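Worksheet: the structure to be examined is printed underneath.
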Amino acid sequence: MSMATTTIQPVERENYLNKEYGVGSWLFTTDHKRIALLYLISITFFFFIGGFFALIIRLELLTPASDLVQPDTYNKLFTMHGMVMVFFFLVPSIPATLGNFLVPMMIGAKDLAFPRINLLSWYLYIIGGLMMLHCMLTGGVDTGWTFYTPFSTAYSNTKVVEAGLAIFVAGFSSILTGLNFVVSIHRMRAPGMTWSRLPLFIWAHYATSIIQILGTPVIAITLLLVAVERTLHLGIFDPKLGGDPLLFQHLFWFYSHPAVYIMILPSMGVISEVIACFARKRIFGYSFVAFSSIAIAVFGFLVWAHHMFVAGISIYAALVFSILSYAVAVPSAVKVFNWTATLYKGSIHYDAPMLYAFGFIGLFTMGGLTGLFLAALGIDVHVTDTYFVIAHFHYIMVGGALMGYLGGLHFWWPKISGRLYPESWARLAALIVFLGFNLTFFPQFVLGYLGMPRRYADYSHMPEFQVLNVLSTAGATVLGVGYLLPMLYFLWSMRYGKPAPDNPWNAAGLEWMTSSPPTTFNFEEEPVVTWEAYNYDELDRGHKQEVKVVG
């Protein structure tokens, strides 16, 4: 008998990826992990569309004259870049992918509370995304991602209503995800998983979900009001008919300022997990870090008018909102100081997720400090609507939210795919992203302080700004390469990567006690938690985290 016939092939363990095959098994799945992958593919698609718009913007600004695209096309480019990146990438980025994948596993549940609603949220996101794509392909929209009235209601002749309705539909996706997380975290925790033992990733998503549930209906109704005023000519925002254009800004920013915390809080949760793991220490001041997430969610709703310091609000209102804007920086600072204290005397490992965490701390701190510049009334009057604001926003959203997202993807990739990515390539990509990011956005702080206004396609009346714009565009090219690399080696690893062990980082947390990739229902039997969060001291002394089972 030949050797070929006697060799026994190793049987692949059944997991959520190979349990069923075929397009239908994905499109009608209620498995939170498969839905997370559907979201991952969708938001990556929109990320590259938004990135394409950004590339054209940067190429246009390479020269002072408006010589690549027409000024009205430029208006559409920065508008659609903002809308796609904010509503179709940043808001769902971590909650809908890593959140969907990990929240049930981290609390010891088999799935989210409402699996079908979870699938519905993805379909709503896709419907909103297709509406946005149709809007872009049939002429686009040019109001800026903020839809400011009266331009959006009376004067713009682009697809304002369609873009607004696309965001309206996608907003419901966000509400349903938040609802699912809140109910799951309250009702589906494993025995022994008390509030004080929850991973900080869960605390961050709990706070995010509160904002999604309370804030998103406001933007939905606001954009509906814009559509109604535009089509039926009611006087909601039009002063000629008894409306108030400032009312729109109050309503818009009442959601859109908390929305920046929807984008950044989940990243903060990721960083807490990564730093504890790669410093091999318990998080310093666990309860303070946990409650600072809730504090951010609460204070986030009280600072919206700092976007309106030059819009004609009363000086007393401006004073109050300025003070509150300083106050909201405190819980963020608590997190940064506690992460730093966690690193102190830790056994630091410089793996790719940790490099992204270091990048996050530095860039988010810079973004946060420049936010304090903008909270100061006198400075804000000078730098509002300049590139200083663009740089500040991107330091938080790209330097913060996106760094956390990439760090989280690297950290949990072995669990998601069951494969290991090439570590040296991942470290290189983290370095390229960090350098490319700073080269892109640091010059914009200088540009803004010198007075270059944002949203201008032509700066030929101030050609001295070209040098800094050339640096910025060069940085954007480097950044683009840094974003392409992870996509390439992640795809490569799914085919050729080494099989991942169940816990490649020797990390704490219930999600690392499932197989890699996990089975459809995560745990064979319900786990019982008997240890505190982040017990790295016990893990490194050789105490194994045993999952006791009920029964």
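Ordering His250, His205, His233 by how much accessible area each has at a 1.4 Å probe, largest first, what is the list?
Final ranking, largest accessible area leading: His233, His250, His205.
If amide hydrogens are placed 1.01 Å from N in the peptide plane, which non-local residues have theirs closer than 5 Å to the one on Thr386?
Arg454
May I ask you to give the percent of accessible area on the chain that is carbon plus sulfur, with a probe radius of 1.4 Å? Write out the running numbers ahead of the final one.
Working: 15680 of 22470 Å².
Here carbon and sulfur together make up 70 percent of the probe-accessible area.
Helix 160-187 sits at what angle to the longest principal axis of the chain, using alpha carbons and giving 0 to 90 degrees rounded to 10?
The helix 160-187 is inclined about 40 degrees to the chain.
With +1 on each Lys and Arg Cβ and -1 on each Asp and Glu Cβ, how big is the dipole of the chain about its Cα centre, in debye rounded to the nearest 20? Each step should come with its number before you reach the end.
Details: 29 positive and 30 negative charges, 147 e Å.
That gives the chain a dipole magnitude of about 700 debye.
Whenever you get a sec, line up Ser287, Ser325 from highest to lowest accessible area (probe 1.4 Å, protein heavy atoms). Don't jump to the answer; show the numbers that get you there.
On the way: Ser287 60, Ser325 10 Å².
So, going from the largest accessible area down, we get Ser287, Ser325.
What accessible area, in Å² to the nearest ten, does a 1.4 Å probe give for Thr97?
10 Å²
Each residue of segment 341-351 in order: what ³J(HN,Hα) in whole Hz does its phi give by Karplus 6.51 cos²θ - 1.76 cosθ + 1.60, θ = phi - 60°, with x for Gly and Pro?
5, 5, 5, 4, 6, x, 8, 6, 10, 8, 7
Okay, which of segment 392-421 sit inside 12 Å, backbone N to the point 7 Å along the Cα-Cβ direction of Trp492?
421
Once phi is turned into ³J(HN,Hα) by the Karplus curve 6.51 cos²θ - 1.76 cosθ + 1.60 with θ = phi - 60°, what whole-Hz value does each residue of segment 128-136 show in order, with x for glycine and proline?
Result, ordered by residue: x, x, 5, 4, 5, 4, 4, 4, 5 Hz.
Kindly sort Ile348, Ile202 by accessible area of their heavy atoms, largest first, with the probe set to 1.4 Å.
Values: Ile348 50, Ile202 0 Å².
Result of the area sort, largest leading: Ile348, Ile202.
If you plug each phi of segment 277-282 into the Karplus form 6.51 cos²θ - 1.76 cosθ + 1.60 with θ = phi - 60°, what whole-Hz ³J(HN,Hα) values come out, in order, with x for Gly and Pro?
Computed from phi, the couplings for segment 277-282 are 5, 8, 9, 6, 9, 5 Hz.
Enter the accessible area per residue of segment 29-550 (Å², integer; probe 1.4 Å; all protein chains in place). Please report the intermediate quantities before stating the final value.
Working: 19760 Å² over 522 residues.
Each residue of segment 29-550 exposes 38 Å² on average to a 1.4 Å probe.
Once amide H atoms are built 1.01 Å from N in the peptide plane, which residues 5 or more positions from Asp111, or in another chain, come under 5 Å H to H?
Under 5 Å from the amide H of Asp111: no residue qualifies.
Compute the FRET efficiency between Leu120 and Tyr21 as 1/(1 + (r/R0)^6), taking r as their Cβ-Cβ distance and R0 = 25 Å, and round to the nearest 0.05.
Working: r = 23 Å, r/R0 = 0.93.
Between Leu120 and Tyr21 the formula returns 0.60.
A 23 angstrom limit on the alpha carbon distance is what I want to check against. Which of Lys281/Lys335; Lys335/Lys415; Lys76/Lys240 exceed it?
Details: Lys281/Lys335 16 Å; Lys335/Lys415 26 Å; Lys76/Lys240 28 Å.
Among Lys281/Lys335; Lys335/Lys415; Lys76/Lys240, the Cα-Cα distance tops 23 Å for Lys335/Lys415; Lys76/Lys240.
Which cross-chain or sequence-distant (5 or more) residues have an amide H under 5 Å from the amide H of Arg419, H modelled 1.01 Å from N in plane?
Answer set, sorted by chain and number: Ala500.
Compute the acute angle (0 to 90°) between the alpha-carbon long axis of helix 200-232 and the principal axis of greatest extent of the alpha-carbon atoms of the chain; round to the nearest 10°.
The two axes meet at around 40 degrees.
How much length is gained if the chain between Leu241 and Leu137 is pulled fully straight, taking 0.36 nm per residue apart and subtracting their Cα-Cα distance, in nm to one decimal?
On the way: separation 104, 0.36 × 104 = 37.44 nm, distance 3.37 nm.
Answer, rounded to one decimal: 34.1 nm.
Heads up, I need the accessible area for Trp145: 1.4 angstrom probe, whole protein in place, Å², nearest 10.
We get 40 Å² for Trp145.
The values are calculated or read from the model by the stated rules, or taken from the named source; none is laboratory data. Just so it is clear, the structure is predicted and the values come from calculations on it, not from any experiment. Note that we place each Cβ from the backbone using ideal geometry, even for glycine, and neighbour counts take in every protein chain shown. To get the accessible areas, we keep the full protein, side chains included, count just its heavy atoms, and leave off ligands, DNA and RNA. Shrake-Rupley method; radii C 1.70, N 1.55, O 1.52, S 1.80 Å.
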